[in-house]
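FYI, it's all coordinate maths here, none of it is from the lab. Just so we're clear, the structure is a prediction, and the values are computed from it rather than from any experiment. Cβ: placed from backbone, ideal geometry, glycine included. Neighbour counts: every protein chain shown.
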Amino acid sequence: MYPIIRLINVMIQARKAPKIAYTSPSTIQFRCHPWDLDMFNEMNNGRVLTLYDLGRFNLGVRCNLLKVLGENKWALVVAGSSVRYRKRIKMFDKITMHTQCVGIDEKWFYIEQSMWVKDKPCSSVLIRGGISSKNGLINPAEVLKLMGDEPGNCELSEWVQEWIESEQHRPWPPTLEAS
């Protein structure tokens, strides 16, 4: 089940927080609940990705992105992700999530997020996300202009560029190989 109560709390907190630029980091905190766990008594990897949504919503409210989406009847879309898990998150652990847009190109926003427990990194994700309309993807520069922001210095770091490049070599649609 989607964490609606957490989403509502994040949205309320984001509306009360100061506005930030789309490249500024945003942080939220929450606890790992019993319903977040898998059979190994740690946070389920699917739940991790779902909770990362909350961090992006926090950033989206604080930088006026969600307001622009609503005004234009646009939607957010995730077009790719790369997750790294390094430390288990256990029941009732207090989690600090950091979210930041690390760059854009002509089609996508690139968002880096991480979850930390007791000042130790547990997981990290790079998200390729876009803004879609009934006519297709909207150029991030156009979205930023409507948000009252500019692309500015959004040079993508080397590891993000390498991830983008590696994704170009991945076949689509997926191919099934006989075993």
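Which one, Pro171, Thr99, Leu54, projects farthest toward the positive side of the charge dipole computed for the chain from Cβ point charges (K/R +1, D/E -1)?
Towards the positive end, the residue furthest out is Leu54.
Counting other C-beta atoms within 10 Å, which of Met43, Met147 has the fewest, and how do the rest follow?
Numbers: Met43 25, Met147 18.
Ranked by crowding around the Cβ, least crowded first: Met147, Met43.
Using the count of nearby Cβ atoms within 10 Å as a rough guide to exposure, how do Tyr52, Tyr2, Tyr85 rank from fewest to most?
Working: Tyr52 23, Tyr2 8, Tyr85 15.
With the fewest neighbours first, Tyr52, Tyr2, Tyr85 line up as Tyr2, Tyr85, Tyr52.
What is the ratio of the Cα radius of gyration of region 2-42 to 2.2 N^0.38 Å, with N the residue count, to two decimals?
Output field value: 1.52.
Over 25 Å between C-alpha atoms is what I'm after, so list which of Lys19/Lys145; Lys16/Lys120; Lys16/Lys145; Lys73/Lys145; Lys16/Lys90; Lys107/Lys134 land there. Before the final figure, lay out each step's value.
Values: Lys19/Lys145 16 Å; Lys16/Lys120 28 Å; Lys16/Lys145 23 Å; Lys73/Lys145 16 Å; Lys16/Lys90 29 Å; Lys107/Lys134 15 Å.
Pairs exceeding 25 Å: Lys16/Lys120; Lys16/Lys90.
Need one number: nm distance between label points at Asp38 and Ile8, each 7 Å from Cα along Cα→Cβ, rounded to one decimal.
Rounded to a tenth, the inter-label distance reads 3.0 nm.
Which aspartates and glutamates does Lys118 reach when only Cα atoms under 18 Å apart count, and residues fewer than 8 places away in its own chain are ignored?
Straight-distance partners of Lys118: Glu42, Asp93.
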